[in-house]
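The values are calculated or read from the model by the stated rules, or taken from the named source; none is laboratory data. Source: prediction; values computed, not measured. No Cβ is skipped: glycine too gets one built from the backbone with ideal geometry, and neighbour counts run over all protein chains shown.
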Amino acid sequence: MNELLDLHRKEYGTSPSVAVHLPGVYTIVGEYANFCSGYSMYASSTRMLYTTCSRRKDQSVRAFLSPLEERKRVNLLNLKYRREDRWANYIKGVLSIFNLRGYQPKGFSISFSGDVLTHESQTLRCSMALSVALACNELFDFGLSYEDCAHIAYTAITQFVGEPARIGRFLAMLNVRDNTYLFFDVQHLSIEYIPIEQDSSVATLLIESKISPQAFKEEAELRRVECTQAFEAIAESLPRKNLRDLESDEEKELTENLGEDEKRLVSYVLSESKLALEAKNYLTQHLYPQYGKVLSRIQIGLRDGFEISCPEIDWLTKRSSETMQSYGAVMIAGGDVGSLIVLIEEDAISSYAERMEEYEHIFGFRPEVKRFFPRGELKIVRMLHEDTSDE
């Protein structure tokens with residue numbers, strides 16, 4: 001905490017009044033559940049965003065992105081999106097939505113630090129917007145709930161900035177806990193916690209494949225656009241029952257007028273949501289082999305149905321299936337591109353890890369393999385200090 005305070009003092013000449021510690025999150029399964037109001041499962045990513053904030057005497061906003069030593073100024077009277085402003089647009093978007101809802105933020109100084117900022121991902125833009133909303137709410141005594149702040153941040157990203165986001169990711173950042181998975185029902189916006197069994201012989205490995213961040217960024221964005229179009233095409237024909245609960249014959253009837261590619265995408269999204277529910281049930285009962293099989297089925301769907309994969313990911317998941325007592329692997333979202341988890345018995349970890357030398361020989365770089373334990377929870381600290389600065 002002292003390092004965060006010192007960082008803010010050094011930059012602005014005054015102590016912060018509010019500090020927000022916001023965890024990054026991984027989507028373990030159910031990344032595309034929003035298309036069918038289905039189910040997702042999240043966990044803390046162990047990466048954090050630290051935000052400190054203090055009032056100013058003038059009507060400007062000063063922002064400092066510590067890892068990159070970048071500084072931005074925002075005029076409260078001219079909150080317009082500009083592509084060249086990059087990450088400052090997330091701040092402007094939140095302030096714009098506050099204004100639209102009748103709240104009037106004044107001038108403030110804000111600092112961002114933490115390892116979330118060094119990784120390009122959906123979590124980066126979502127966490128910056130959410131941290132600004134939470135900090136302003138506290139700094140200016142708006143009295144909004146954390147969930148209200150999440151919706152403001154979500155609207156800022158999707159409407160002001162015009163980038164894709166899911167409300168589930170924002171709510172997950174508010175609610176994730178240490179050593180726990182968070183199961184999210186998109187339709188009802190409800191959550192359920194699944195504690196990790198502490199004395200289990202089964203471990204979860206986090207594999208960062210180290211592929212280029214651009215490896216399949218265009219493909220992923222294209223799939224989201226195609227999914228949006230496919231689900232809009234069937235919207236008028238939806239039955240009264242929930243889309244996520246459709247049986248296979250109902251799905252076939254509903255999608256009969258779609259092209260083959262659209263049918264494949266709809267099928268994957270619906271199956272992914274059902275499999276997320278299966279994964280939760282198996283994990284809750286500590287049925288790890290069954291849980292691992294569900295993870296692998298989702299990965300096969302991502303590769304063959306959704307057509308989102310690459311040779312490196314295919315190689316890592318294939319080695320998992322060849323390793324005795326390795327129960328399954330799946331690519332996850334919210335961290336580095338090409339990250340995946342492997343569910344494996346403790347005794348088999350060394351056998352799997354030994355294969356990484358072969359990976360390096362084939363692809364020219366070595367993946368990072370480490371045990372995964374969800375760590376990181378939201379924390380908001382308000383200081384008694386109330387100085388303002390116009391430096």
Can you find, within the range 198-240, the residue that is farthest from Pro311 (Cα to Cα) among those that are assigned to a loop (DSSP other than H, G, I, E, B) and at pLDDT 85 or above? Ile234
Return a yes/no flag: does the range 246-255 have any residue that is farther than 30 Å from Met324 by Cβ, out of contact with any strand residue (DSSP E or B) (no Cβ under 9 Å at 6 or more places or on another chain) and either hydrophobic (A, V, I, L, M, F, W, C) or not assigned by TED's automatic domain parsing to the domain that holds Leu283 (or both). yes
Does the range 187-197 contain at least one residue that is in a strand (DSSP E or B), surrounded by 14 or more Cβ atoms within 10 Å (Cβ to Cβ), touching a residue at least 12 places away in the same chain (Cβ under 8 Å) and not small (Gly, Ala, Ser)? yes
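Please give the helices (runs of 4 or more DSSP H) falling wholly within the range 99-177 in which 2 or more residues are buried (at least 19 other Cβ atoms within 10 Å of the Cβ), of a type in the set (Phe, Trp, Tyr) and at pLDDT 95 or above.
Working: elements: 122-139, 146-155, 167-175.
Ranges flagged: none.
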Could you go through the range 227-238 and let me know if any residue there is within 26 Å of Gly335 (Cβ to Cβ), assigned by TED's automatic domain parsing to the domain that holds Arg303 and either surrounded by 18 or more Cβ atoms within 10 Å (Cβ to Cβ) or in contact with a helix residue (DSSP H, G or I) (Cβ under 6 Å, 6 or more places away or on another chain) (or both). yes
Per the list (1) in contact with a Pro (Cβ under 8 Å, 6 or more places away or on another chain); (2) in the same structural domain as Lys274 (by TED's automatic domain parsing), residue check on Val176 breaks on (2)
In this structure, is Lys280 of a type in the set (Lys, Arg) and either in contact with a Ser or Thr (Cβ under 9 Å, 6 or more places away or on another chain) or more than 23 Å from Ser212 (Cα to Cα) (or both)? yes
What do you reckon, is Ser200 in contact (Cβ under 8 Å) with a residue 12 or more places away in the chain, farther than 23 Å from Ala19 by Cβ and in contact with an Asp or Glu (Cβ under 6 Å, 6 or more places away or on another chain)? no
Looking at (1) within 27 Å of Leu287 (Cα to Cα); (2) in contact (Cβ under 8 Å) with a residue 24 or more places away in the chain, can you tell me which one Lys318 breaks? (2)
Ile28: passes all of (1) over 30 Å from Asp245 (Cβ atoms); (2) touching a residue at least 60 places away in the same chain (Cβ under 8 Å); (3) of a type in the set (Val, Ile, Thr) but (1)
Counted residues, the range 30-80 - those being in contact with a helix residue (DSSP H, G or I) (Cβ under 8 Å, 6 or more places away or on another chain), among the small types (Gly, Ala, Ser) and closer than 30 Å to Ile298 by Cα: 6
Looking at (1) under 25 Å from the mean Cα position of the chain (by Cα); (2) at pLDDT 90 or above, which is the only condition Gly259 fails? (1)
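Residue by residue, here is whether (1) surrounded by 17 or more Cβ atoms within 10 Å (Cβ to Cβ); (2) small (Gly, Ala, Ser) holds:
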{"residue": "Ser321", "(1), (2)": "no, yes"}
{"residue": "Ser326", "(1), (2)": "yes, yes"}
{"residue": "Asp347", "(1), (2)": "no, no"}
{"residue": "Ser350", "(1), (2)": "no, yes"}
Between Asn179, Asn175, which is within 30 Å of Glu354 (Cβ to Cβ), in contact with a strand residue (DSSP E or B) (Cβ under 8 Å, 6 or more places away or on another chain) and not charged (D, E, K, R)? Asn179
In the range 18-53, what count of residues is obtained for those that are at pLDDT 95 or above and basic (Lys, Arg)? 0
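If I go through the range 171-204 residue by residue, how many of them are closer than 23 Å to Leu49 by Cα and among the aliphatic types (A, V, I, L, M)? It would help to see each step written out before you state the result.
Going through the range 171-204, the residues closer than 23 Å to Leu49 by Cα turn out to be 171-184, 191, 193.
Narrowing further to those that are among the aliphatic types (A, V, I, L, M): 171-174, 176, 182, 191.
Total satisfying the criteria: 7.
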Which number in (1) touching a residue at least 40 places away in the same chain (Cβ under 8 Å); (2) in contact with a Gly (Cβ under 8 Å, 6 or more places away or on another chain) marks the one condition that Ser271 misses? (1)
